[in-house]
Amino acid sequence: MYSGLIGHSFAMLYAAAGYKVRIYDIKPELVDKALATIDDQLNYQSKNGLLRGKLSVQEQRTLITGTNDLAECVKDAFFIQVWYDGRFTVDTI
């Protein structure tokens, strides 16, 4: 899962359901930013009675990890979700 808005939002949804999630980005600083945003969002949701699922903030957060190594990200995965915004083509990669 990529580390942008859509990626970290889906990561929180899957973690709330009890799934282990790895988010990925080519830039380590974006992975770190996404994980920090996830921390903020989970705490906000908990504080305001909006936390999804039956797991606590800490239980959900331990299910979410991040990496900038694509092979590590997909290792042992049973489902891979990719979001592609269409900005890149074979010519620009």
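The values are calculated or read from the model by the stated rules, or taken from the named source; none is laboratory data. Since the structure is predicted, the reported quantities are computational estimates derived from the model, not experimental observations. Glycine also receives a Cβ, built like all others from the backbone with ideal geometry; neighbour counts cover every protein chain displayed. All accessible areas refer to the heavy atoms of the entire protein, side chains included, with ligands and DNA or RNA removed. Shrake-Rupley method; radii C 1.70, N 1.55, O 1.52, S 1.80 Å.
The C-alpha atoms of the chain define a longest principal axis, and helix 5-16 lies at about 40 degrees to it. Counting only protein heavy atoms and a 1.4 Å probe, tell me what percentage of the chain's accessible area is made up of carbon and sulfur. Looking at the chain in its full context, I get 57 percent from C and S. Relative to the current alpha-carbon distance between LYS20 and TYR44, full extension at 0.36 nm per residue lengthens the span by 6.5 nm. Calculated on the Cα set of the stretch 27-87, radius of gyration then Dmax: 13.8, 38 Å.
For the chain, the solvent-accessible area of protein heavy atoms averages 71 Å² per residue (probe radius 1.4 Å; ligands and nucleic acids excluded). Spin-label model, TYR84/LEU13: points 7 Å from Cα along the beta carbon direction are separated by 2.0 nm. Which angle between 0 and 90 degrees, to the nearest 10, do you get for helix 28-47 versus the longest principal axis of the chain when only C-alpha atoms count? Helix 28-47 and the main axis of the chain meet at about 20 degrees. Ranking GLY49, ILE64, VAL74 by how far each Cα lies toward the positive end of the dipole of the stretch 31-78 (charges on Cβ) leaves GLY49 at the top.
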